[in-house]
Amino acid sequence: MYASREDIGYDFGEDSKVGSKPTKPNPNIDGGWAWMIVLSSFLVHILIMGSQMALGILNMEWLEEFNQSRGLTAWVSSLSMGITLIVGPFIGLFISMCGCRTTAIIGGILNALGWILSAYASNVHYLFLTFGVTAGIGSGMVYLPAVVMVGQYFQKRRALAQGLSTTGTGFGTFLMTALLKYLCTEFGWRNAMFIQGAISLNLCVCGALMRPLSPKVLHEKYVVRSDSGENQAKALSHSTETMKSNGVLGEEPEKKEEAANEEVLGSVQHIEIGGKSGSGRSMYGLRLFKTVSQLTITVRKGFALWYSSYFGAASLFTNRVFVAFIIWALFAYSSFVIPFIHLPEIVKQYNLSRQDNVFPLTSIIAIVHIFGKVILGIISDLPCISTWNVFLMANFTLVTCILTLPLMHTYIGLAVVCALIGFSSGYFSLMPVVTEDLVGTKHLANAYGIIICANGISALFGPPFAGWIYDITQKYDFSFYIAGLLYMVGIIFLLIQPCIQKTQPREKSTEEAQV
């Protein structure tokens, strides 16, 4: 059976509303424009995640150009990857205030600017600022909206939709590796980065495709998702307790604040209507005041939603399984990005460059990664399969491959392990689905922002750590062993916490105590 929230011990409340009137499903949910959202997200993954996974090509160019240590040079790639994900919680604030479309368009411009400025780098530290920070922030401003929009537009086929959109990472890694190799060979790495910056402007087009759903449609989506027959009885007994513990009953202050805001705008409109006979300068001042008032209200509401998700009564950190998920994310992502950054160097050390030039190992990971995401997404959408269990099995397979990779010294052995890494890492397509199941659609943007922030911290320190270990031991073996062991610790947290939460007795709600 599919694992419900109660099955793995979590319940966040806002999806437990019962007694709602049946609503007509919106045609754009699971169809219509939803597939354009999938296309937009797919292209975002090609241009952002694909480019970042191909940075091993540029990393070798930077080593030759600036003649710095491997540990220091690896910081350029890890900063870009890490900051893309670390800024997730703050991008959640932008999304709350400006929406996904505006945030993504601004991010596309910033990302392209980072690539173009990096073409003029005179040292590694310059790249830290232009490529690591500037392009990284821009990437984060596009990546999170791309994931969140797919979650908003899909209900029944979420895992498949996320799987299809995130296959862009695999396609992008394969395409961008070949493209950057060609551009660096023909035009040099500086011109290659300039051209890549121009290509990245297409992220603005992807952002323009992210047409927002109306609040009414989003509300209907919550109602439809909460009306499953199996969970309705549990929701009846849990509803009052959950709403109180998670702040859903605290909507009264928000309504009062909205009423006050509407009163302010209403008074401005009344003054504007009454002053039509006044001077043009006065009318201009009133319109300016009205615009500023609306902007202030939007910012306040967006910040209030963002703040309450992290620190309010409905804080995401009150969900223990979600906290365990964060701890897992802190260790997991570095195990995936380390091979992409350092495999070209490992191949060179093993004298396998001739075979790798014919079919690069990173391209093997990328191609199989595509199939892994789609297949795992299809399997997870089956009614008899638990998404949580598929997610855990894929993680176990990946950590085994990371620990096995240093033992392989032939191209065939490395290719087999890389293929398994590519397939098992397809669980990335399940991360938004698991996150949404943990906290609900309403909190998806902020919750997934926290998860990718933890992944970003992992990506930030993983490659430099591997380079630092190499500088000490002159081999990468210990880097993979340590990364794999830390990854295993994160998986153990995912296994233990749901079991602990299941065994804890549930406190009685107020209604049950009165009865």
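I need the full set of residues from the range 297-334 which are among the polar types (S, T, N, Q) and at pLDDT below 75, in order please. Reasoning before the result, please.
Of all residues in the range 297-334, those among the polar types (S, T, N, Q) come to 298, 308-309, 315, 318-319, 334.
Passing the criteria: 298, 308, 309, 315.
Against the conditions (1) small (Gly, Ala, Ser); (2) open to solvent by 10 Å² or more (accessible area, probe 1.4 Å); (3) in a helix (DSSP H, G or I), residue 122 satisfies every one except (3).
Yes or no, residue by residue, for (1) open to solvent by 30 Å² or more (accessible area, probe 1.4 Å); (2) within 30 Å of residue 468 (Cβ to Cβ); (3) among the acidic types (Asp, Glu):
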{"residue": "61", "(1), (2), (3)": "yes, yes, yes"}
{"residue": "86", "(1), (2), (3)": "yes, yes, no"}
{"residue": "93", "(1), (2), (3)": "yes, no, no"}
{"residue": "104", "(1), (2), (3)": "no, no, no"}
{"residue": "116", "(1), (2), (3)": "yes, no, no"}
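If a residue must be in a helix (DSSP H, G or I) and open to solvent by 10 Å² or more (accessible area, probe 1.4 Å), how many such residues does the range 425-445 contain? Outline the logic, then answer.
Here is the first cut: in the range 425-445, the ones in a helix (DSSP H, G or I) are 425-439, 444-445.
From the residues that got through so far, the ones that are open to solvent by 10 Å² or more (accessible area, probe 1.4 Å) too are 428, 437, 445.
Count: 3.
For the range 354-389, the candidate set comprises residues that are over 26 Å from residue 46 (Cα atoms) and out of contact with any Asp or Glu (no Cβ under 9 Å at 6 or more places or on another chain); within that set, the residue that is most open to solvent (accessible area, probe 1.4 Å) is 354.
The values are calculated or read from the model by the stated rules, or taken from the named source; none is laboratory data. Note that the coordinates shown come from a computational prediction; the quantities given were computed from them, not determined experimentally. All Cβ positions, glycine included, derive from the backbone under ideal geometry; neighbour counts span all protein chains shown. Surface areas here come from the heavy atoms of the whole protein model, side chains and all, with no ligands, DNA or RNA. Shrake-Rupley method; radii C 1.70, N 1.55, O 1.52, S 1.80 Å.
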